[in-house]
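For reference, the structure discussed in these notes is given below.
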Amino acid sequence: QVQLVESGGGLVQAGGSLRLACAGSGRTFSNLAVGWFRHAPGKERDFVASINWNGANTYYADSGKGHFTISRDNAKNTVYLQMNSLKPEDTAVYYCAADIGPGGSRMDLYDYWGQGTQVTVSS
């Protein structure tokens, strides 16, 4: 079993930055791929970014390319999502998820999910 806890969300003005963290515990977190997803009001949950177990491979949705960066520190069992140049349309609940396999953009591939952290970007 894996437990995931997101942190770092909050209220920020457009153009600002936030760094989200996903702390994992339980099963060896460093062996798992991790993805970030977001769920905005009135929309479906969407893929944001993913990273494989050792950080060598990252993958981004088009919406995040150039202003989101995913990284991990396996010594701290934590995956980060650095979000720069935030826009009001980035407002959503952000979730991290862990996958025993290679990760990627498909939500159904992920085995474990956190509870989410709210990000609100004001204009």
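The values are calculated or read from the model by the stated rules, or taken from the named source; none is laboratory data. Owing to the predicted nature of the structure, the values given are computational and were not obtained by experimental measurement. As a convention, Cβ positions derive from the backbone with ideal geometry for all residues, glycine included, and neighbour counts pool all protein chains shown. Ligands, DNA and RNA are stripped out before the accessible areas are found, and what is left, the full protein with its side chains, is counted by its heavy atoms. Shrake-Rupley method; radii C 1.70, N 1.55, O 1.52, S 1.80 Å.
With θ set to phi - 60° and the Karplus curve 6.51 cos²θ - 1.76 cosθ + 1.60, what are the ³J(HN,Hα) couplings of the range 11-20 in order, to the nearest whole Hz, using x for Gly and Pro?
My calculation for the range 11-20 gives 9, 9, 7, 4, x, x, 10, 9, 10, 8 Hz in order.
Quote the FRET efficiency, to the nearest 0.05, computed for Asn31 versus Asp108 with a Förster distance R0 of 25 Å and r equal to the Cβ-Cβ distance. List each step's numbers first, then the result.
Values: r = 20 Å, r/R0 = 0.80.
For R0 = 25 Å, the calculated efficiency reads 0.80.
Computing the accessible area with a 1.4 Å probe over protein heavy atoms, can you report the carbon and sulfur percentage for the chain? Intermediate results must be reported in sequence, preceding the final value.
Numbers: 2870 of 6160 Å².
Using a 1.4 Å probe with all protein chains present, the chain comes out at 47 percent carbon and sulfur.
In whole percent, what relative contact order does the range 13-123 give with Cα contacts below 8 Å and a gap of six or more residues?
Details: 252 pairs, mean separation 37.6, N = 111.
Across the range 13-123, relative contact order equals 34 percent.
If the elastic network links every pair of Cα atoms under 10 Å, which of Arg38, Arg19, Arg72 fluctuates the most in the Gaussian network model of the chain?
Looking only at Arg38, Arg19, Arg72, the largest GNM fluctuation is found for Arg19.
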